[in-house]
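To start, the structure itself, in structure tokens.
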Amino acid sequence: MSEVIVPSISLNDGTSIPALGFGTYKLNGSAGVDSMVSAIKAGYRLLDSAFKYENEGAVGEAVRRCGIAREELFITSKIPGLRHRYNEALYTIEESLFRAGLDYYDFYLIHWPNPSQDLYVEAWQALIEARRRGLVRSIGLSNFLPEHIQRLIDETGVAPSVNQIELHPYFPQQEQREWHAQQGILTQSWSPLGRANAALQEPPVVEAARMHGKTVGQVILRWHVQLGAVPIPKATSPERQLENLSIFDFELSREEVEAITGLGRADGRRKDQHPAHYEEY
Ligand code: NAP
């Protein structure tokens, strides 16, 4: 299989990141390792995992088996909600490394703010310390609202490099993306295909796919890239993995981008997971 070269994007902490990554939720065990290895061989370099996905071991195994040098890969994991206390967050990062058999993570994120626990500042201080110790290279967030991020910056003086949020055509998150851009924080898109929801069949998506001779999945992933967000689609088969990577050889017009953004709905989240009240442990 030919390998697709993914361009990279600079981050506010001097590191850089591929413009598209690979989601690993639900990729577990040997079958998961096989999927991740085929994704890396196709050209993905960023793998998105989490302590909660119970697949950090599989990610580490894929890193060892894929034949690509460790330093060319960008491996992400995330602190679960139950481990926000400073000491627990630090040993969880170490446990993540032991599980994966890796010496460092490229990215470590706080998975959810869980504001009713009110411990995310402690988790952030632990991430800052983990970076100082060399356990992680770049630190960031997931599912944080602007008010949560502002509080972290105010209390620690350290801004995140990325915030990974739910983002797909039914939920384009325009305000949050604009706020990130003003702060120099990169947006990463989770469930970028809406987990293959009905948006794939919406007329603006189907029409753009026809115009450019691309698939509907490729059009949506290209839309993310043109919004300035980094999508991390998950796909099990090598064919779909390659399809989702092959989005750097065409460009949507401004009108096409706007028409897809126009599919957004106020209640467009896939589930009732508003970070102001949703708690994930
Ligand atoms: P997604 O990537 O939007 O969609 C994955 C689904 O779409 C799978 O069922 C996949 O099927 C299918 N698919 C893949 N490519 C396709 C294509 N070209 N055309 C049609 N269908 C296609 O959903 P996701 O897995 O929820 O999100 C991606 C990643 O985001 C996750 O794996 C995880 O790493 C991350 N995530 C993070 C959070 C967070 O709170 N931070 C939350 C959710 C997800 P097959 O697998 O059968 O190919």
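Data for the structure
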quantity: Number of positions in segment 100-135 that are in a loop (DSSP other than H, G, I, E, B) and of a type in the set (D, E, K, R); calculated: 3
quantity: Boolean, Thr92 is of a type outside the set (Lys, Arg), within 13 Å of the ligand (Cβ to nearest atom), open to solvent by less than 10 Å² (accessible area, probe 1.4 Å) and touching a residue at least 12 places away in the same chain (Cβ under 8 Å); calculated: no
quantity: Filter pass, Arg210 being within 13 Å of the ligand (Cβ to nearest atom) and of a type in the set (Lys, Arg); calculated: no
quantity: Single residue of Ala19, Ala31 found to be more than 14 Å from Leu245 (Cβ to Cβ), surrounded by fewer than 21 Cβ atoms within 10 Å (Cβ to Cβ) and either within 13 Å of the ligand (Cβ to nearest atom) or among the small types (Gly, Ala, Ser) (or both); calculated: Ala31
quantity: Counted residues, segment 153-206 - those being of a type in the set (Asp, Glu) and assigned to a helix (DSSP H, G or I); calculated: 4
quantity: Ser77, sole failed condition from (1) polar (S, T, N, Q); (2) within 16 Å of the ligand (Cβ to nearest atom); (3) open to solvent by 60 Å² or more (accessible area, probe 1.4 Å); calculated: (3)
quantity: Identity of the residue in segment 246-263, small (Gly, Ala, Ser) and over 21 Å from the mean Cα position of the chain (by Cα), that ends up farthest from Gln176 (Cα to Cα); calculated: Ser253
quantity: Residue within segment 2-14 that is open to solvent by less than 20 Å² (accessible area, probe 1.4 Å) and either in contact with a helix residue (DSSP H, G or I) (Cβ under 7 Å, 6 or more places away or on another chain) or within 18 Å of Ser246 (Cβ to Cβ) (or both) present; calculated: no
quantity: Enumeration of residues in segment 160-183 that are open to solvent by less than 40 Å² (accessible area, probe 1.4 Å), under 21 Å from Gly140 (Cα atoms) and more than 8 Å from the ligand (Cβ to nearest atom); calculated: Pro160, Ser161, Val162, Asn163, Leu167, Pro172, Gln173, Gln176, Arg177, His180
quantity: Segment 267-278 residues that are hydroxyl-bearing (Ser, Thr, Tyr), paired with ones that are surrounded by fewer than 12 Cβ atoms within 10 Å (Cβ to Cβ) (beta carbon under 8 Å, 6 or more apart); calculated: Tyr278/Asp272
quantity: Selection count, segment 238-265, where residues are open to solvent by 40 Å² or more (accessible area, probe 1.4 Å) and in contact (Cβ under 8 Å) with a residue 60 or more places away in the chain; calculated: 4
quantity: Looking only at segment 35-64, and only at residues there that are within 13 Å of the ligand (Cβ to nearest atom), more than 20 Å from Leu193 (Cβ to Cβ) and not basic (Lys, Arg), the one that is surrounded by the most Cβ atoms within 10 Å (Cβ to Cβ); calculated: Val59
quantity: Single unsatisfied condition, Val4 versus (1) without any contact (Cβ under 8 Å) to a residue 40 or more places away in the chain; (2) part of a loop (DSSP other than H, G, I, E, B); calculated: (1)
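For (1) within 25 Å of Phe107 (Cα to Cα); (2) modelled with pLDDT under 95, each residue gets a yes or a no:
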site: Gln173; (1), (2): yes, no
site: Glu178; (1), (2): yes, no
site: Leu186; (1), (2): yes, no
site: Ser246; (1), (2): yes, no
site: Ser253; (1), (2): no, no
site: Val257; (1), (2): no, no
site: Ala266; (1), (2): no, yes
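The values are calculated or read from the model by the stated rules, or taken from the named source; none is laboratory data. Quick caveat: nothing in here was measured; it's all calculated off a predicted structure. For neighbour counting, all protein chains shown are included, and Cβ atoms are generated from backbone atoms with ideal geometry for every residue, glycine included. In case anyone asks, the SASA skips ligands and DNA or RNA and just uses the protein heavy atoms, side chains included. Shrake-Rupley method; radii C 1.70, N 1.55, O 1.52, S 1.80 Å.
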